[in-house]
1. Return the long-range amide H neighbours of Thr123 (sequence gap of 5 or more, or a different chain), with a cut-off of under 5 Å between placed amide H atoms.
2. Along the charge dipole of the stretch 53-223, Cβ charges K/R +1 and D/E -1, which of Ser102, Phe141, Gly70 sits furthest on the positive end?
3. Just subtract the alpha-carbon distance of Ala51 and Ala158 from 0.36 nm times their residue separation and send over the number in nm, one decimal.
4. Once both labels are modelled 7 Å past Cα along the beta-carbon direction, what's the Asp104-Gln201 spacing in nm?
Amino acid sequence: MKTSFLLLAWLSCGLLLPSAVGAQTKPLTMEEMHKLHQDSKAYIAMLEDPARDAYQKPHDVIMALGLKDGERIADIGAGAGYFTLRFAQHVGHGIVYGVDISPDMILHLNQRVRDAGLDNVRTILAPPDDPLLGDRAVDRFFICETWHHIENHARYLALMKKMLRPGGQVVIIDFPDKATPVGPPMEMRLSRESVIHEFEQSGFTLAKEHTFLPYQYFLVFTVAGSPRQTSR
Ligand SMILES: C[S@@+](CC[C@H](N)C(=O)[O-])C[C@H]1O[C@@H](n2cnc3c(N)ncnc32)[C@H](O)[C@@H]1O
């Protein structure tokens, strides 16, 4: 019973829990996965499973970002709020925008934000190709395990460029196109190199790369030629 729940949770999110590895011998089809994407309860349970912390290392990720008081950060594909709520503890009077295309995720996120009494989080139910933010609205876009879900990368990159403040960053954390004990189906994955290439094609520069995550690349881009941000 437990095993089938974990399998369902993985399928619904495109991720695989370490504890379910033994039960999963081959990836299911994309069709089956898309079908199970409809189960938001299982999706949320998986995203918020404390076991995820072992490889997602949220504290280390946040330390590496060096969030600043007053910063405005957009968490694209915020999901259940795994990073959104943590970011809220680090930006003080800034704002965390939790952006997602799923009404169920946004409802869940709204509830969590209310329960936590946070006044620096805004949630946005967005279409798949636009985070609905204003020009120069944010210091940073943070996109964890979501870039491979976004279809129109060129449009999204162009919009993010307009929405970033001078010196702003786009942070991508995602699974490589190599076998890892956790992660989405191989068909959905984007190689580190292809992500860097498309960002460079759209006028971004790889400014930094962190290598402490065991299964994911962690890339930090800035707009080419944009001044370094000194204060937020
Ligand atoms: C694998 S989950 C990752 C959630 C969160 N970033 C985390 O690390 O816990 C992917 C999320 O991206 C959302 N999503 C998918 N396509 C999206 C898009 N085009 N724009 C914004 N969110 C999207 C999904 O609804 C889902 O909540």
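Just so it is clear, none of the values below were taken in a lab; they were calculated from the coordinates. Quick caveat, the model's predicted, so the values are computed rather than measured. Counting neighbours? That spans all protein chains shown, and the Cβs are built from the backbone with ideal geometry, glycine included.
1. Placed amide hydrogens put Gly98 under 5 Å from Thr123.
2. After comparing all options, I get Gly70.
3. Result: 35.0 nm gained on full extension.
4. 3.3 nm
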